[in-house]
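Here the structure comes first, spelled out in structure tokens, and everything after it is commentary.
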Amino acid sequence: MQATRDGFEMPRHVAIIMDGNGRWAAARGLPRVEGHRRGVEALRKTVRAASDLGIAVLTIFSFSSENWSRPQSEIRDLLALLRRFIRNDLADLHKSNVRVRIIGERDDLSGDIRSLLEEAEDLTRGNDGLVLVVAFNYGARQEIARAARRLAIEVAAGRLSAEAITPELLARQLDLPDLPDPDVIIRTSGEQRLSNFLLWQAAYSELVFVPINWPDFDRATLESAIAEYRRRERRFGGLIAQTGS
């Protein structure tokens, strides 16, 4: 964790719901795919900024399990952008010591998409800089259900008693149990909901909603959201824990 000049330590884990690509494009009379393309540019800027600021983990909500209900043409555009991002940016991420990790359901993905996600993880596995968590084909309820199903299998096999199941035990069955929960979750476009994102991990996260659409997100916006986080008083169900210095 990297401290700023005033002694404040950056949040360890920042998560972002990248929302508003379509609205950004519509406001400019552009096709939705152009909003998604500009959203990729915003992602590049944000990854660089997070690394520069000393944030340990950046989680992005790139494609939800509900996004499959969108028009097929838009899904094709989104998947094409994912392919292009990994093929064009993976080398730079690796060179910058970024480790890519993926959360979400993979079993029903096409073989080429699954291979690209695995390639990103495998190439960057040894990096010890910023951890970039990509939530792809992800839904928090589905993640919790998968964790509960794993424990149910253990109970049915007689290897675990139902009474032994605790929140801590279930948490260890989630997609990336070794990472800290998000300190702050940022959502763009002015919407104020989590939309099935990190519901378990968000139990004590600070929520910051910014009015701009994702393609306009940049380092200054990230720093502003972190400044808002610093002003919060984090209680964790008990006494006040100040986030600032």
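The values are calculated or read from the model by the stated rules, or taken from the named source; none is laboratory data. Here the structure is a predicted model, which is why all the values come from computation and not from measurement. Backbone-built Cβ (ideal geometry, glycine too); neighbour counts: all protein chains shown.
If I filter the range 166-179 for residues that are at pLDDT 95 or above, within 30 Å of E34 (Cβ to Cβ), under 14 Å from the mean Cα position of the chain (by Cα) and not in a helix (DSSP H, G or I), do I get at least one hit? No, the range 166-179 contains no residue that is at pLDDT 95 or above, within 30 Å of E34 (Cβ to Cβ), under 14 Å from the mean Cα position of the chain (by Cα) and not in a helix (DSSP H, G or I). So A152 passes all but one of these: (1) part of a loop (DSSP other than H, G, I, E, B); (2) more than 20 Å from the chain's Cα centre (by Cα); (3) more than 21 Å from S64 (Cα to Cα). Which condition number does it fail? Tallying (1) part of a loop (DSSP other than H, G, I, E, B); (2) more than 20 Å from the chain's Cα centre (by Cα); (3) more than 21 Å from S64 (Cα to Cα), A152 fails exactly one: (1).
Among the criteria (1) touching a residue at least 40 places away in the same chain (Cβ under 8 Å); (2) surrounded by fewer than 16 Cβ atoms within 10 Å (Cβ to Cβ); (3) not in a loop (DSSP other than H, G, I, E, B), the one L199 does not fulfil is (3).
Taking the range 128-146 as the range and being assigned to a loop (DSSP other than H, G, I, E, B) and surrounded by fewer than 22 Cβ atoms within 10 Å (Cβ to Cβ) as the test, the residues that pass are D128, G129, G139. A residue that is part of a loop (DSSP other than H, G, I, E, B), among the polar types (S, T, N, Q) and surrounded by fewer than 21 Cβ atoms within 10 Å (Cβ to Cβ) occurs nowhere in the range 181-188. Of all the listed residues (R101, R70), the sole one being in contact with a helix residue (DSSP H, G or I) (Cβ under 9 Å, 6 or more places away or on another chain) and in contact (Cβ under 8 Å) with a residue 12 or more places away in the chain is R101. Here S205 does not fit the description of being surrounded by fewer than 17 Cβ atoms within 10 Å (Cβ to Cβ) and among the small types (G, A, S). Test A162 against the stated conditions and say whether it is over 30 Å from R83 (Cβ atoms), modelled with pLDDT of 95 or more and either touching a helix residue (DSSP H, G or I) at 6+ places or on another chain (Cβ under 9 Å) or surrounded by fewer than 16 Cβ atoms within 10 Å (Cβ to Cβ) (or both). Here the answer is yes, as A162 does meet what is asked.
Within the option set R149, R83, being under 30 Å from L53 (Cα atoms) and surrounded by fewer than 15 Cβ atoms within 10 Å (Cβ to Cβ) holds for one residue only, R83.
Looking at this structure, is R101 touching a Leu at 6+ places or on another chain (Cβ under 7 Å) and among the basic types (K, R)?
Yes, satisfied.
Among residues belonging to the range 207-245 that are polar (S, T, N, Q) and assigned to a loop (DSSP other than H, G, I, E, B), point out the one that is modelled with the lowest pLDDT. The residue in question is S245. Contact annotation: residue pairs with Cβ atoms under 9 Å, 6 or more positions apart or on different chains, pairing a residue in the range 110-132 that is under 12 Å from S96 (Cα atoms) and of a type in the set (D, E, K, R) with a partner that is buried (at least 16 other Cβ atoms within 10 Å of the Cβ) and at pLDDT 95 or above, are D128/R99. Selection of first residues in the range 26-51 that are under 17 Å from E74 (Cα atoms) and without any contact (Cβ under 8 Å) to a residue 40 or more places away in the chain and of second residues that are small (G, A, S) and not in a loop (DSSP other than H, G, I, E, B), restricted to Cβ pairs under 6 Å at least 6 apart or on distinct chains, gives the following pairs, ordered by first then second residue: E34/A25.
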